[in-house]
Amino acid sequence: MPDFDTSVPHIARVYDYWLGGKDNFAADRELGEKTLQAYPNLVFSVRANRAFLARAVRFLAAEAGIRQFLDIGTGIPAADNTHEVAQRVAPESRIVYVDNDPIVLLHATALLTSKPEGECAYLDADLRDPDAILAAAADTLDFSQPVAVMLLAVLQFASEEEVGAIVKRLADACVPGSFVAISHPASDIDTEPHGEMVRRMNRSLTDKVTLRDRVAVTRLFDGLDLVEPGVVRAPGWRPDSDLEAASPAVLWVGVARKS
């Protein structure tokens, strides 16, 4: 079993707490409560991010014909993980999950099991080392064929100096016809309470959070072709219902194609 310090909160376990999961420790719950006190609407964003994941993967598998997914910043498994949504559409889909929390590793190994026609793999790796991710992912994914790179609620842990280069490196490794999907917490929606929530997080987390506005998130897709409706709040990206579209989530999201 990997070594880890349960007295230090980790975002994957805090996120699990926000979703109502049980795979978290006292330090994670304490930070989870502090952040919810600062911004009670946070839970809408967490749920909206999971819902966007499902809609984006469904679009990529069913409409764009993607059969390979590189999901970076997986988190502790919850409902409708990437491989479950993709393999419902195409059982032969192959998925590589990437995270840097040993608790996630344990759960992913146990729970993220592929249909026999497809394949699932898990990498213990860091977002900020895209070369290592790509090298290891090539054991499962064929980068001569289109890949969807999923960067959901993870790029906020990259600094201004590195975030654009990370996305570009990952996109450059993929052939035309590939896609990049991003969700990112917003600096320009509910600015004061959302900002206070992040300040509380950053006092406790090793990996610091940087919020970004819609312009900055759109810039992350430079060189790629955004699919409709472009960069929008998470609930407004191809919602399944008016109720879903009305969520007060504070995330910018988009999906773009490499041409």
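The values are calculated or read from the model by the stated rules, or taken from the named source; none is laboratory data. Owing to the predicted nature of the structure, the values given are computational and were not obtained by experimental measurement. When we count neighbours, we look across all protein chains shown, and the Cβ atoms used for this are built from the backbone with ideal geometry, even at glycine. For the accessible areas, the whole protein counts, side chains as well, though only heavy atoms, and no ligand, DNA or RNA atoms are used. Shrake-Rupley method; radii C 1.70, N 1.55, O 1.52, S 1.80 Å.
List pairs: first in region 199-222 and closer than 28 Å to R257 by Cβ, second in a strand (DSSP E or B) and among the aromatic types (F, W, Y), Cβ under 9 Å, 6+ apart or cross-chain?
Hits for this filter: R212/W252; D213/W252; R214/W252; A216/W252; V217/W252; T218/W252.
For every residue, the table says whether it meets (1) within 30 Å of V175 (Cα to Cα); (2) of a type in the set (S, T, Y).
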| residue | (1), (2) |
| --- | --- |
| V14 | no, no |
| D23 | no, no |
| T35 | no, yes |
| N41 | no, no |
| D71 | yes, no |
| I76 | yes, no |
| R88 | yes, no |
| V96 | yes, no |
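Mind listing just one residue for me: the one in region 187-233 that is surrounded by 14 or more Cβ atoms within 10 Å (Cβ to Cβ) and hydroxyl-bearing (S, T, Y) and, of those, nearest to V163 (Cα to Cα)?
In this case the residue turns out to be T210.
All but one of (1) touching a residue at least 24 places away in the same chain (Cβ under 8 Å); (2) open to solvent by 10 Å² or more (accessible area, probe 1.4 Å); (3) in a helix (DSSP H, G or I); (4) aliphatic (A, V, I, L, M) hold for A121, so report the exception by its number.
Every condition holds for A121 apart from (3).
Of all the residues that make up region 85-98, how many are in a helix (DSSP H, G or I) and open to solvent by 40 Å² or more (accessible area, probe 1.4 Å)?
Let us first name the residues in region 85-98 that are in a helix (DSSP H, G or I), namely 85-89.
Subset that is open to solvent by 40 Å² or more (accessible area, probe 1.4 Å): 88-89.
The number of residues fulfilling the criteria is 2.
May I ask you to say which residue of E117, E92, E63, E84 is farther than 25 Å from E244 by Cβ, out of contact with any strand residue (DSSP E or B) (no Cβ under 9 Å at 6 or more places or on another chain) and among the acidic types (D, E)?
Values: E92 fails: out of contact with any strand residue (DSSP E or B) (no Cβ under 9 Å at 6 or more places or on another chain); E63 fails: farther than 25 Å from E244 by Cβ; E84 fails: farther than 25 Å from E244 by Cβ.
The unique qualifying residue is E117.
State all residues of region 21-68 that are hydroxyl-bearing (S, T, Y) and either surrounded by fewer than 17 Cβ atoms within 10 Å (Cβ to Cβ) or touching a Lys or Arg at 6+ places or on another chain (Cβ under 8 Å) (or both); if no residue qualifies, say none.
Step one: of region 21-68, the residues hydroxyl-bearing (S, T, Y) are 35, 39, 45.
Residue satisfying the conditions is T35 alone.
Under 6 Å between Cβ atoms, at least 6 apart or on separate chains: pull out the pairs that start in region 52-71 with a residue that is under 18 Å from L226 (Cβ atoms) and at pLDDT 95 or above and end on any residue that is among the acidic types (D, E) and surrounded by fewer than 21 Cβ atoms within 10 Å (Cβ to Cβ).
So the pair list comes out empty.
Suppose we filter D207, D240 for residues that are closer than 16 Å to V154 by Cβ and not basic (K, R); which single one remains?
Numbers: D240 fails: closer than 16 Å to V154 by Cβ.
After applying the criteria, what remains is D207.
I'd like to know if region 169-177 contains one or more residues that are open to solvent by 40 Å² or more (accessible area, probe 1.4 Å), touching a residue at least 24 places away in the same chain (Cβ under 8 Å) and either assigned to a loop (DSSP other than H, G, I, E, B) or farther than 17 Å from G73 by Cα (or both). Step through it out loud before you land on a result.
If we filter region 169-177 for residues that are open to solvent by 40 Å² or more (accessible area, probe 1.4 Å), which is where we start, we get 169, 172, 176.
From the residues that got through so far, the ones that are touching a residue at least 24 places away in the same chain (Cβ under 8 Å) too are 169, 176.
Subset that is either assigned to a loop (DSSP other than H, G, I, E, B) or farther than 17 Å from G73 by Cα (or both): 176.
Checking region 169-177: at least one residue is open to solvent by 40 Å² or more (accessible area, probe 1.4 Å), touching a residue at least 24 places away in the same chain (Cβ under 8 Å) and either assigned to a loop (DSSP other than H, G, I, E, B) or farther than 17 Å from G73 by Cα (or both).
Can you name every residue in region 234-251 that is open to solvent by 30 Å² or more (accessible area, probe 1.4 Å) and either within 15 Å of the chain's Cα centre (by Cα) or not polar (S, T, N, Q) (or both)?
Initial filter on region 234-251 (open to solvent by 30 Å² or more (accessible area, probe 1.4 Å)): 236, 238-246, 248.
Result: G236, R238, P239, D240, D242, L243, E244, A245, A246, P248.
Rundown of residues vs (1) polar (S, T, N, Q); (2) surrounded by fewer than 20 Cβ atoms within 10 Å (Cβ to Cβ); (3) outside any strand (DSSP E or B), yes/no style:
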position	(1), (2), (3)
L70	no, no, no
T74	yes, no, yes
H83	no, no, yes
T109	yes, yes, yes
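Yes or no, residue by residue, for (1) open to solvent by less than 70 Å² (accessible area, probe 1.4 Å); (2) not small (G, A, S):
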position: R128; (1), (2): no, yes
position: A136; (1), (2): yes, no
position: T140; (1), (2): yes, yes
position: Q145; (1), (2): no, yes
position: E160; (1), (2): no, yes
